[in-house]
Amino acid sequence: LHIAVLVSGSGSNLQVLIDAMQANILPIEIVGVISNREDAYAITRAQDAAIPVAVLSHVASGKRMGIKTFETHASTQLQAWQPDLIVLAGFMRVLSGSFIDSAPAPMINLHPSLLPAYKGLDTHQRAIKSGDRHHGCSVHVVTAELDAGAVLTQALLNVTPKDTAAGLQTRVQRLEHQLLPWTIQLIAKGVIDLNIAQTTPSVLPA
Ligand code: GRF
């Protein structure tokens, strides 16, 4: 499975995929990484693994690259890499419907909540504020509507009264590092069909 990964930040999820690729734990080849931030540590991780990186920074040279310009460059890059799957791993820009529809491969996103709860930002704080007993992360198909595509997989944890938003973030990130490779494995094996709108997400075994 040829994978392109879109990132904006630390890239710890990208690192998990790099490690799994190098250890032959996952049948993947990461054909390229796109970062929309020039200061993302994910860029260093990709370079260290000799993976092609395109930095399409929206703040380069002090001038904000509009989403249309970003998408034009990203499209060209993705067409050149020819991935079978595009993975958004900590990618923090909202993509347009036309970009998603014309992408050369299906796109999945990792989101730090049990969707459909808490689309968007500040998911951990919102889960605590609502007094939720369960929280976690989801991998879903990317569609034009933010965080609203078919939920493919989820990983759950119990929220305890002493949990803080920062603490939950750390615990959820540990789960993300298991959920993303597990999901990609299921896609590679054909267990998950990205073209079928699933109603029941697969849950990562505890
Ligand atoms: C993850 O928590 C992801 O859910 C969120 O951003 C974080 C990315 O982490 N959208 P990393 O860049 O993979 O380390």
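The values are calculated or read from the model by the stated rules, or taken from the named source; none is laboratory data. Values in this document were obtained by computation on a predicted structure and should not be read as measured data. Using ideal geometry, Cβ is built from the backbone for each residue, glycine included, and neighbour counts are taken over all protein chains shown.
Here are the numbers for this structure:
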| item | result |
| --- | --- |
| Single match in THR143, THR153, THR160 (criterion: surrounded by fewer than 19 Cβ atoms within 10 Å (Cβ to Cβ), within 17 Å of the chain's Cα centre (by Cα) and among the β-branched types (Val, Ile, Thr)) | THR143 |
| Filter pass, GLN178 being touching a residue at least 24 places away in the same chain (Cβ under 8 Å) and surrounded by fewer than 16 Cβ atoms within 10 Å (Cβ to Cβ) | yes |
| Unique residue being closer than 20 Å to VAL141 by Cα, buried (at least 18 other Cβ atoms within 10 Å of the Cβ) and either more than 16 Å from the ligand (Cβ to nearest atom) or hydrophobic (A, V, I, L, M, F, W, C) (or both) when the list is LEU56, LEU85 | LEU85 |
| Residue in segment 1-35 that is nearest to PHE91 (Cα to Cα), counting only those that are of a type outside the set (A, V, I, L, M, F, W, C) and more than 12 Å from the ligand (Cβ to nearest atom) | GLY32 |
| Among residues of segment 190-206, those that are in contact with a helix residue (DSSP H, G or I) (Cβ under 8 Å, 6 or more places away or on another chain) and not in a loop (DSSP other than H, G, I, E, B), counted | 1 |
| Residues of segment 142-162 satisfying the condition of being more than 14 Å from SER113 (Cβ to Cβ) and among the acidic types (Asp, Glu) | GLU145 |
| Residues of segment 91-133 that turn out to be surrounded by 15 or more Cβ atoms within 10 Å (Cβ to Cβ), hydrophobic (A, V, I, L, M, F, W, C) and within 11 Å of the ligand (Cβ to nearest atom), as a count | 2 |
| Odd one out for SER57 among (1) at pLDDT 95 or above; (2) among the small types (Gly, Ala, Ser); (3) over 17 Å from LEU146 (Cα atoms) | (1) |
| Pairs, first within 16 Å of the ligand (Cβ to nearest atom) in segment 157-169, second in a strand (DSSP E or B), C-beta under 7 Å, six or more apart | LEU157/HIS135; LEU157/GLY136; LEU168/HIS135 |
| Qualifying helices (runs of 4 or more DSSP H) (wholly inside segment 51-129; at least 1 residues being within 16 Å of the chain's Cα centre (by Cα) and β-branched (Val, Ile, Thr)) | 97-102, 123-129 |
| Residues located in segment 95-134, provided they are within 18 Å of LEU204 (Cα to Cα) and of a type in the set (Lys, Arg) | ARG133 |
| Any hit, segment 172-189, residues being farther than 25 Å from MET21 by Cβ, modelled with pLDDT of 95 or more and not in a strand (DSSP E or B) | no |
